[in-house]
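Asks: Let me give you the structure first, and then I'll get to my questions.
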Amino acid sequence: MATETHGADAAAEGTGLVFHPMDQFIVKPLFGHGEVGMLTITNVTLWLALSILVIFVLMVLGTSRRAIVPSRSQSIAELAYGFIHKMVEDVTGKDGLKYFPYIMTLFMFIVTANFLGLLPKSFTTTSHFAVTVVLALAVFLTVTILGFVKNGVSFLSMFWVSSAPLALRPILAIIELVSYFVRPVSHSIRLAGNVMAGHAVIKVFAGFAAIAAVSPVSILAITAMYGLEILVAFIQAYVFTILTCVYLKDALHPHH
Amino acid sequence: MATETHGAEALSACVDSHGSAVGMPQLCGDWIGNQVFWLIITLVVIFLILSKIALPRIASVLAERQGTITNDIAAAEELKRKSEEAEAAYQQALTDARTEAQAIAQKTRDDIKADLDAAMAKADADISAKAAESEAAIAEIRNSAMENVEIVAKDTAAAIVAALGGKADDAKIAAAVSNRMKG
């Protein structure tokens, strides 16, 4: 990244090593300089657009032949479809399949953005809380509204644990209520935190590579972290999606 | 990239004069509007791509494949059933042919045996006839030989008696010779 060239400045300040692990998350305009306004075309725009492109190529162009015996890209698209479809059906039940396109959208966006973020010099959109909070809030609001629309006031019985002794129920209700409202927080911070931490750690190891004696270890560590990040990129998308399914199940069937 | 040429001029409260991040860029409020705006557009576009084109297409491909597989399995079952029928028919034909062959072989064997028995009986009869005939001929020859011996003996005896100066009638000599030959 651009900031590496500042090593000279830092060296002048007396330190041999320069760490700017958070610089990769800076949002900046793609053309020219200046303030980042709401409609400015930034690196965020670029990498979001690239994720749309990847999804389009994989899911639309990849399946354009509609082959009975699928090509490689078509099998990937079919695998993703089958994976999420089965997840929705298993976790949410048959009546949850109505919401399958929404959940598929979430999964495809997160998994694509995570993997695009693993490209060197890329910008990882899912490492920003602004992005994951929007996703998590969308899920939270949809699920809450859906719960009330489908079940009416009886949706609140989700917080009244009828299997517990009567004396415990008010306390449990408070705990349930708090945990319900913490959902979007954990939902969003889990994704952004995992992605951001991995990327920052890779960057820190890369900073150590400036010392010749340590650089082989540093490069090995980067390789290992990168492998782990590939795992995390998929697993966090999976976790986000399956939690969405679980929350959706609560909205559709609040009576445990 | 762009920021490094900027030098001291900071673009945002979250970026220092070198273009490095101040604190966590994730917590910078200046950029949230931009990110949320583009994110929502992105999500809507992805949703439209998936729900209008990709997902129905994949669903139809999967359904079609399932149908094809079911049909192929049914066809394979049918073919298997046919091949089993054909094999049974073949086995039946083989068994029939074997039975028939055995019957023919048995019949031929019986015929040959009957012919052989007849021929043997005939040959036996011929042989015994021949033997009887031969025995009769031998007996006749023997008898005639005995008669000749008796005649020769009588003549010889008569000649010997005459030579010794005796006189004997033929009847006596014949009776004596016959008597001797019996003894």
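Asks: Return yes when A:N194 is among the polar types (S, T, N, Q) and under 26 Å from A:A80 (Cβ atoms) and no when it is not.
Replies: yes
Asks: Now for a separate question. Inside segment B:79-114, can you point out the residues that are open to solvent by less than 70 Å² (accessible area, probe 1.4 Å) and of a type in the set (D, E, K, R)?
Replies: Residues satisfying the conditions do not exist here.
Asks: Working carefully through the options A:L220, A:L191, A:L243, A:L252, find the one that is of a type in the set (A, V, I, L, M) and without any contact (Cβ under 8 Å) to a residue 12 or more places away in the chain.
Replies: A:L220
Asks: Still on this model: May I ask you to list pairs of residues, at least six apart or on different chains, whose Cβ atoms are under 7 Å apart, with the first in segment A:136-147 being over 15 Å from B:I40 (Cα atoms) and the second being open to solvent by 30 Å² or more (accessible area, probe 1.4 Å)?
Replies: Qualifying pairs under 7 Å: A:F140/A:R183.
Asks: Looking at segment A:37-141, what helices (runs of 4 or more DSSP H) fall wholly within it and have at least 1 residues that are surrounded by fewer than 17 Cβ atoms within 10 Å (Cβ to Cβ)?
Replies: A:43-56, A:72-92
Asks: Of the residues that sit in segment B:28-39 and are facing chain A (nearest Cβ under 7 Å) and touching a residue at least 12 places away in the same chain (Cβ under 8 Å), which one is surrounded by the most Cβ atoms within 10 Å (Cβ to Cβ)?
Replies: Result: B:W31.
Asks: Still on this structure, please answer the following. Does A:G7 satisfy being more than 9 Å from chain B (Cβ to nearest Cβ), modelled with pLDDT under 85 and either in contact with a Ser or Thr (Cβ under 8 Å, 6 or more places away or on another chain) or closer than 27 Å to A:H128 by Cβ (or both)?
Replies: Criteria met by A:G7.
Asks: Here's a follow-up. From B:V44, B:V61, which residue is surrounded by 16 or more Cβ atoms within 10 Å (Cβ to Cβ) and either in a helix (DSSP H, G or I) or under 54 Å from the mean Cα position of the chain (by Cα) (or both)?
Replies: B:V61
Asks: Any idea how many residues of segment A:22-33 are within 7 Å of another protein chain (Cβ to nearest Cβ) and part of a loop (DSSP other than H, G, I, E, B)?
Replies: Number of matching residues: 5.
Asks: Now for a separate question. From B:V15, B:V44, grab the single residue that is more than 7 Å from chain A (Cβ to nearest Cβ) and under 30 Å from A:N43 (Cβ atoms).
Replies: B:V44
Asks: Give the residues of segment A:216-256 that are in contact with a Gly (Cβ under 8 Å, 6 or more places away or on another chain) and open to solvent by less than 70 Å² (accessible area, probe 1.4 Å), sorted by residue number.
Replies: A:M225, A:E229, A:V232, A:A233, A:C245, A:L248, A:D250, A:A251, A:L252, A:P254, listed by residue number.
Asks: So, B:E135, is that one under 24 Å from the mean Cα position of the chain (by Cα) and open to solvent by 60 Å² or more (accessible area, probe 1.4 Å) or not?
Replies: So B:E135 fails the test.
Asks: Within segment A:107-130, how many residues turn out to be more than 8 Å from every other protein chain (Cβ to nearest Cβ) and in contact (Cβ under 8 Å) with a residue 40 or more places away in the chain?
Replies: 15
Asks: Okay, moving on. What about A:F208, is it away from chain B (no Cβ under 14 Å) and modelled with pLDDT of 95 or more?
Replies: no
Asks: Report yes if A:K203 is under 30 Å from A:L50 (Cβ atoms), open to solvent by 40 Å² or more (accessible area, probe 1.4 Å) and either out of contact with any Gly (no Cβ under 7 Å at 6 or more places or on another chain) or touching a residue at least 24 places away in the same chain (Cβ under 8 Å) (or both), otherwise no.
Replies: When the stated conditions are applied, A:K203 passes them.
Asks: Starting from residues that are of a type in the set (K, R) and facing chain A (nearest Cβ under 7 Å), keep the ones in segment B:47-70 and report whichever is farthest from A:L135 (Cα to Cα).
Replies: Looking at the filtered set, the residue picked out is B:R65.
Asks: Another question, if that's okay. Can we say A:I211 is part of a loop (DSSP other than H, G, I, E, B) and loosely packed, with under 15 Cβ neighbours inside 10 Å?
Replies: Against the criterion (part of a loop (DSSP other than H, G, I, E, B) and loosely packed, with under 15 Cβ neighbours inside 10 Å), A:I211 qualifies.
Asks: It is to be established whether one or more residues within segment A:218-240 are part of a helix (DSSP H, G or I), hydrophobic (A, V, I, L, M, F, W, C) and closer than 30 Å to A:G152 by Cα.
Replies: Yes, the conditions are met somewhere in segment A:218-240.
Asks: List the residue pairs whose Cβ atoms are under 8 Å apart, where the first residue sits in segment A:156-179 and is open to solvent by less than 80 Å² (accessible area, probe 1.4 Å), the second is among the polar types (S, T, N, Q), and the two are 6 or more positions apart or on different chains.
Replies: From residues that are open to solvent by less than 80 Å² (accessible area, probe 1.4 Å), the pairs are A:R169/A:S162.
The values are calculated or read from the model by the stated rules, or taken from the named source; none is laboratory data. Computed from a predicted model, the values in this text were never measured in an experiment. Using ideal geometry, Cβ is built from the backbone for each residue, glycine included, and neighbour counts are taken over all protein chains shown. The protein model used for the area step is the full one, side chains on, heavy atoms only, and it has no ligands, DNA or RNA in it. Shrake-Rupley method; radii C 1.70, N 1.55, O 1.52, S 1.80 Å.
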